[in-house]
Amino acid sequence: MILLEENNRVIYETLKVKFSNAKPESVNVAAVDFDGVQYQISNPGNDKGVITLSAKMRVYEDLVEHGVEDVLKREYGDSFVTAEDGYDVTLKYDLASLPDDKDAVAKKASLLKRNCFSAVFEKYFKMQENETASDKMAVIHYHEEEAMYISAQTDRVTVIFSTLFKDPDDIIIGRVFLQEFKDARKQYQQAPQVLYSYGEPPRELAGQPGVLQGDNVGFVTFVLFPRHTNPSNRDNTINLIHQFRTYLHYHIKCSKAYLHSRMRSKTSTFLKVLNRAKPEAMTDKDKKYGKRG
């Protein structure tokens with residue numbers, strides 16, 4: 001299976017080029033990311049010596065109460081400025097004062113979405129590290145109609161994804177993928193526990209308002225233990241889990257595309273066999289001598 005990049009490739013490549021140019025150039029690039037994230041790279045006030053990266057995220061409002069602004073200040077320092085109109089977060093870079101490792105600056109900027117998501121995970125991972133149970137479950141509406149639920153216990157952090165399958169075939173293929181996640185723990189004892197269900201929410205969401213319902217709704221639960229949430233493994237865990245929904249649906253679509261290609265290939269093969277089986281048209285000579293096909 002393919003692991004998706006945690007950063008945005010368009011943002012990284014664009015900023016990498018603009019940061020490394022000997023002569024500042026104007027830029028006006030719009031880009032999008034999974035989960036409805038929209039980016040805009042531009043020069044404020046047409047000043048070619050300054051580049052801003054602004055992002056609009058439906059998830060940002062939910063992350064504010066979990067300290068996302070503190071995380072962004074820590075990660076981006078003075079580059080984190082007041083958001084431009086119509087956006088939730090803005091990073092500002094003065095090309096004349098960039099550090100020597102400009103590639104690293106571009107890479108960190110391309111991790112903006114990931115670093116926003118990390119706020120809620122870091123908060124609950126630290127709760128578990130301090131053996132403190134959360135009194136409130138975090139609800140993050142990361143995708144239209146879909147949400148992520150996070151809670152901390154003294155010995156674990158539970159992350160639940162609700163996801164909507166718009167095509168009945170997606171449910172069948174998704175079940176195969178999720179069963180692989182569940183069975184992986186039999187081979188790899190260090191893997192987190194994975195549970196899934198369809199239609200009925202897990203008991204952890206009992207009494208939680210606004211939980212998505214329906215036969216085409218799936219719930220995936222990750223049980224993260226201290227070995228996954230400790231400081232040495234925390235960043236990698238966040239990199240992987242924050243884009244799980246994207247990872248799942250990406251591979252479902254790839255599987256459907258592969259099945260369709262195999263079906264077209266097999267159909268083409270059958271047509272060739274049928275064409276070879278057609279009887280040849282009889283000529284007058286064949287009729288005269290009684291040739292039979």
Among Ile172, Ile238, Ile252, the residue with the largest mean-square fluctuation in a Gaussian network model of the chain built from Cα contacts under 10 Å is Ile172
Using θ = phi - 60° and the Karplus form 6.51 cos²θ - 1.76 cosθ + 1.60, what ³J(HN,Hα) does each residue of the stretch 254-260 get, whole Hz, x for Gly and Pro? 5, 5, 5, 5, 5, 4, 5
When the chain is fully extended, how far beyond the present Cα-Cα distance does Val29 get from Tyr250, taking 0.36 nm per residue of separation? 77.1 nm
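Give the Rg/Rh ratio for the chain, taking Rg as the radius of gyration of the Cα atoms and Rh as the Kirkwood radius, to two decimals. Could you put the intermediate results ahead of the total?
On the way: Rg = 26.3 Å, Rh = 22.4 Å.
My calculation of the ratio gives 1.18.
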Residue of Tyr258, Tyr247, Tyr124 that the Gaussian network model of the chain assigns the largest fluctuation, springs spanning Cα pairs under 10 Å: Tyr258
Convert each backbone phi in the stretch 106-116 into a coupling constant with the Karplus relation 6.51 cos²θ - 1.76 cosθ + 1.60 (shift: θ = phi - 60°), then list the ³J(HN,Hα) values in order as whole Hz, x for Gly and Pro. 5, 5, 5, 4, 6, 8, 4, 4, 4, 5, 5
Computed on alpha carbon atoms, what radius of gyration and Dmax characterise the stretch 133-273, expressed in Å? 17.8, 67
Semi-axes, largest first, in whole Å: what does sqrt of 5 times each Cα gyration tensor eigenvalue give for the stretch 60-143? 28, 16, 10
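Efficiency by 1/(1 + (r/R0)^6): what FRET value for Arg185 and Lys126, r their Cβ-Cβ distance, R0 = 25 Å, to the nearest 0.05?
On the way: r = 25 Å, r/R0 = 1.01.
Once rounded, the FRET efficiency stands at 0.50.
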Amide proton proximity set for Gln193, modelled H, under 5 Å, gap of 5+: Val223
Calculate what fraction, in whole %, of the accessible area of the chain sits on carbon and sulfur atoms when a 1.4 Å probe is rolled over the protein chains. 50 percent
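Given the Cα-Cα distance of Ala96 and Gln193 and 0.36 nm per residue of separation, how much length would full extension add, in nm?
Answer, rounded to one decimal: 30.1 nm.
As an exercise, identify the GluC sites (Glu not before Pro) in the stretch 42-136 lying in DSSP coil whose Cβ has no more than 14 other Cβ atoms within 10 Å. It would help to have the intermediate numbers written out before the result.
On the way: sites: Glu61, Glu65, Glu69, Glu75, Glu84, Glu122, Glu129, Glu131; in loops: Glu65, Glu84, Glu131.
Qualifying residues, ordered by number: Glu65, Glu131.
Over 18 Å between Cα atoms, which of Lys48/Lys73; Lys107/Lys253; Lys16/Lys107; Lys126/Lys182; Lys113/Lys253 qualify? It would help to have the intermediate numbers written out before the result.
On the way: Lys48/Lys73 24 Å; Lys107/Lys253 28 Å; Lys16/Lys107 8 Å; Lys126/Lys182 26 Å; Lys113/Lys253 23 Å.
Beyond 18 Å: Lys48/Lys73; Lys107/Lys253; Lys126/Lys182; Lys113/Lys253.
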Rounded to whole Å and sorted largest first, what semi-axes of the equivalent ellipsoid does the C-alpha gyration tensor of the stretch 199-279 yield via the square root of 5 times each eigenvalue? 45, 20, 8
To the nearest 20 debye, what is the magnitude of the charge dipole of the stretch 1-98 about its Cα centre, counting +1 on the Cβ of each Lys and Arg and -1 on the Cβ of each Asp and Glu? 540 debye
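Excluding ligands, DNA and RNA, what is the solvent-accessible area per residue of the chain at a probe of 1.4 Å, expressed in Å²? Write out the running numbers ahead of the final one.
Working: 16840 Å² over 293 residues.
Accessible surface, normalised per residue, equals 57 Å².
With runs of 4+ DSSP H residues as the only contributors, calculate the mean residue ellipticity of the chain at 222 nm using -39,500 (n - 2.57) per run, divided by the residue total and rounded to the nearest 500.
Values: 10 runs with 125 residues, N = 293.
My calculation for the chain gives -13500 deg cm²/dmol from helical runs alone.
The values are calculated or read from the model by the stated rules, or taken from the named source; none is laboratory data. Everything numeric in this text was worked out from a predicted model, so none of it was measured. Ideal geometry is used to build each Cβ from the backbone, glycine not excepted, and the neighbour counts take in all protein chains shown. Keep in mind that these areas ignore ligands, DNA and RNA; they rest on the heavy atoms of the full protein, side chains included. Shrake-Rupley method; radii C 1.70, N 1.55, O 1.52, S 1.80 Å.
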